[in-house]
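The next block holds one structure in the form of structure tokens; read it before the comments.
Read-outs throughout are calculated quantities, based only on the coordinates presented, and are distinct from any laboratory measurement. Remember, it's a predicted structure, so these values are computed and weren't measured experimentally. We place every Cβ from the backbone using ideal geometry, glycine too, and count neighbours over all the protein chains shown.
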Amino acid sequence: MSFSQSFRLAVKSLATSKMRALLTMLGIIIGVAAVIIIISLGDGMNDMINSEFEKMGTNLLQVQIMGRGTAQNIGEEEMYALEDENPDCIAAMSPSVSSVATVKQGSETLSTTLTGVGEEYIAVKSLELSQGRFIQYIDTARMQDVCVIGSYVNEESFNGAGLGETLSINGNEYTIVGVLAEQADNTSYGGDNSVYIPYTNATRLNGNAVISQYLFTATSEDTNARAKAVIESRLEQFYGDDDYYMVISMSEMMDMMGNIQGTVMTVLVAIAAISLLVGGIGIMNIMLVSVTERTREIGIRKSLGAKGKDIRRQFIIEAGTTSVLGGIIGIVLGVSLAAVAGNIVGITAKASLSAILISTGVSLAVGVIFGYLPANKAAKLNPIDALRYE
Amino acid sequence: MIKFTDVYKIYQMGDTAVHALDGVSFEISDGEFVAIVGQSGSGKSTAMNIIGCLDVPTSGTYELAGVDVSTMDDDQQAVIRNKMLGFIFQQYNLIPTLNVLENVELPLLYGGMPASERRSRAMKALDMVGLSSKYRNRPNQLSGGQQQRVSIARALAGNPGVILADEPTGALDSRTGREVLSFLQQLNAAGHTIVLITHDNSIAVRAQRIIRLQDGRIIYDGDAHDPRAVVQPTESGAEEPAGFGEEDEA
Ligand SMILES: Nc1ncnc2c1ncn2[C@@H]1O[C@H](COP(=O)(O)OP(=O)(O)OP(=O)(O)O)[C@@H](O)[C@H]1O
Ligand SMILES: [Mg+2]
């Protein structure tokens with residue numbers, strides 16, 4: 001008997017008891033759907049994280065100075081020196097001082113992020129100007145009262161005509177010398193709701209506190225690690241103890257996040273795969289019942305010349321068909337549920353072709369492996385005992 | 001040719017041994033129509049299961065067409081069943097989930113015949129029993145007599161040399177029973193060897209030859225028209241006289 005005939009027989013016997021077939025498949029359906037959902041959402045999340053990192057710049061190195069109380073801390077001169085001494089690996093550097101200050105436009109207080117920056121900040125963060133100019137060396141050196149605003153501030157507070165106007169920061173009037181191009185949907189919570197002033201002014205606003213953050217960019221992906229090493233060795237030389245500072249490389253962070261996410265996904269997929277195992281046992285169970293129920297049929301087939309292998313093949317194909325069908329239903333279910341769930345949490349779910357192919361393969365394997373035992377039991381039945389079975 | 005030589009079939013039930021066949025020897029030539037008769041429990045079905053390669057003797061040899069089949073492995077026996085033997089059972093034994101045509105096609109399917117030839121052969125067999133119009137029906141949509149005719153069609157579809165019928169009329173009324181019997185006679189006339197099992201003497205006399213079993217032994221083997229073939233030996237007294245079959249009273 002050929003494969004296609006066995007297959008048609010299997011489909012027919014499934015069709016005669018649809019409810020039972022569906023219940024038999026349930027374990028496989030749930031298992032495959034769970035695996036697909038986890039993989040699609042995981043991949044989608046991975047893409048999202050990567051694109052966030054890329055937005056920040058993968059060559060970005062963030063130096064955090066925790067400081068050591070009253071003792072001398074490293075200053076921006078040393079940091080600028082570091083940049084000048086290592087043009088082969090460091091492309092740009094800027095202090096980044098988050099300040100606490102009240103920003104007002106007329107009588108209205110703005111709730112915005114105020115950051116003190118150096119002239120290279122625009123390069124470090126890959127920002128773009130739409131009008132005017134950015135903070136320049138002269139501004140920081142002379143502590144001039146000038147500022148650059150994000151596109152959201154420009155739209156919301158100045159109706160798009162902020163250039164040349166003034167903002168009041170802690171009571172001082174700052175002239176707006178530049179407006180940045182929109183970078184993140186122009187929302188109040190994105191990077192567009194921001195005001196930049198010279199870092200020297202910002203430190204003064206903070207009561208001449210230590211600058212606790214510097215941002216560097218490496219010249220390329222390849223020099224990332226070297227730039228990090230150079231910065232760390234300078235800091236080590238200064239502080240003699242790595243408790244006082246921290247250098248974070250975005251590309252390292254990205255790799256680390258990728259690893260963590262990969263591990264989490266593996267664990268989740270493994271848990272979901274247990275359901276596939278349970279599904280396989282379900283198939284085996286039903287197949288054993290089916291073999292018992294059809295003992296007489298097996299006897300009849302044997303009396304007509306069916307060999308053990310014909311019977312075995314019939315039942316294995318039946319088990320395989322059941323689980324592959326379950327797998328396909330699971331894939332459809334998984335892909336649609338992942339899309340819905342992705343929509344809700346704001347991730348673009350991505351069902352990869354390989355995930356779908358592997359799921360199909362695994363369900364086929366589950367069916368064949370767990371179908372083998374019942375099929376073999378059927379194949380080994382003695383024709384006369386099977387015929388007499390009531 | 002079917003040849004039994006000193007065949008025993010012994011079932012061990014606890015510490016008693018049931019001799020279902022107790023040293024049976026006979027030969028059936030090609031083209032014969034033989035009825036195996038005897039009381040219930042005399043060993044008729046046991047003999048037929050061995051002839052049909054569904055069961056093996058405890059001892060003794062069984063040769064079919066000159067080959068000792070009792071020592072063959074399962075797959076070889078399956079091939080013998082497929083090519084050389086056709087079965088007709090009392091309970092029809094059709095597969096309920098397949099339609100009439102598919103049931104008749106089964107032996108051809110296991111014989112590896114291509115689909116189109118299989119279909120035409122099966123339809124021809126159904127034609128012979130007058131059921132080609134019902135080929136798409138399920139067995140449970142047919143009467144008992146029709147189901148038995150389907151099983152006859154199935155038995156002859158592969159054109160086997162030997163057709164084995166175990167109480168083929170047992171579940172039918174006498175008129176349908178006679179119809180089934182006349183099919184067997186037609187097949188015999190066409191050259192098939194027929195082995196018919198019955199405990200009904202009125203049916204047995206339609207054969208050429210009768211083998212009568214009692215307690216696993218042959219007590220008569222000869223011409224069906226010999227009065228001794230149907231008359232029970234006096235010492236037994238348990239069996240009904242000739243022509244008195246319960247199915248025949250309807
Ligand atoms: N599988 C078995 N296990 C034990 N004993 C068996 C088995 N099969 C048959 N027998 C015994 O063998 C003997 C012959 O049985 P068999 O079925 O051949 O009788 P039969 O002549 O066909 O009877 P009937 O006319 O009732 O069908 C009986 O005593 C029966 O109990
Ligand atoms: Mg019997």
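Comparing region B:61-194 with the 2.2 N^0.38 Å rule of thumb, its C-alpha radius of gyration ratio is 1.04 (two decimals). For A:Q105, the shell of other residues with beta-carbons less than 12 Å away shows a net charge of -3, using +1 for Lys and Arg and -1 for Asp and Glu. Output the pairs from A:K12/A:K307; A:K380/B:K83; A:K380/B:K44; A:K309/B:K83 with a Cα-Cα distance over 24 Å in this structure; if there are none, say none. Flagged as over cut-off: A:K380/B:K44.
Could you estimate the translational diffusion coefficient of region B:34-81 from the Stokes-Einstein equation, with Rh from the Kirkwood formula over C-alpha pairs, at 25 °C and 0.890 mPa s, in whole µm²/s? Translational D for this selection: 212 µm²/s. Cα centroid distance between region B:31-104 and region A:201-220, in Å? Rounded to whole Å, the Cα centres lie 97 Å apart.
The loop-placed GluC sites (Glu not before Pro) in region B:1-75, going by DSSP, include none that has at most 15 neighbouring Cβ atoms within 10 Å of its Cβ. Using the empirical formula 2.2 N^0.38 Å as the baseline, the Cα radius of gyration of the protein assembly as shown reaches a ratio of 1.76. Anisotropy class assigned to region A:197-348 is prolate, per the alpha carbon gyration tensor with a/c at or over the 1.5 cut-off and a/b larger than b/c.
In this calculation the C-beta distance from A:M48 to A:D88 is compared with R0 = 51 Å, giving a FRET efficiency of 0.90. All C-alpha to C-alpha distances of chain B, sorted into 5 Å bins beginning at zero, yield P(r) values of 1, 6, 14, 17, 19, 16, 13, 8, 4, 1, 0, 0 percent in whole numbers. At what distance in nm do the modelled label points of B:A190 and A:I274 sit from each other, each positioned 7 Å from its Cα along Cα→Cβ? Going from the B:A190 label point to the A:I274 one covers 6.3 nm. For a quick check of your reading of the filter: which trypsin sites (Lys or Arg not before Pro) in region A:107-174 sit in a DSSP loop and have no more than 16 other Cβ atoms within 10 Å? Filter output for region A:107-174: A:R133. Straight-line reach from A:K228: taking Cα to Cα under 18 Å and skipping same-chain neighbours fewer than 8 places apart, the lysines in range are A:K125. Calculated translational diffusion coefficient of region A:29-83 (4 °C, 1.567 mPa s; Stokes-Einstein with Kirkwood radius over alpha-carbon pairs) equals 83 µm²/s. Label positions at B:T5 and B:D215, each projected 7 Å from the Cα along the C-beta direction, are separated by 2.8 nm.
Restriction of the trypsin sites (Lys or Arg not before Pro) in region B:114-180 to DSSP coil positions whose beta-carbon has at most 11 other beta-carbons within 10 angstrom yields B:R136.
In this Cβ point-charge picture (+1 for Lys and Arg, -1 for Asp and Glu), region A:67-243 has a dipole of about 460 debye about its Cα centre. Shown is the FRET efficiency for A:I358 and A:K55, computed with R0 = 30 Å from the Cβ-Cβ distance and rounded to the nearest 0.05: 0.40.
Of the residues A:T58, A:T321, A:A33, the one whose Cα sits farthest towards the positive end of the charge dipole of the protein assembly as shown is A:T321 (charges of +1 on Lys and Arg Cβ, -1 on Asp and Glu Cβ, taken about the Cα centre). Under a Cβ-Cβ cut-off of 15 Å, what is the net charge of the residues other than A:Q5 that fall near it, where Lys and Arg count +1 and Asp and Glu count -1? Here the count lands on +4. The reciprocal of the average 1/r between distinct C-alpha atoms defines the Kirkwood hydrodynamic radius, which for region A:67-243 equals 17.0 Å.
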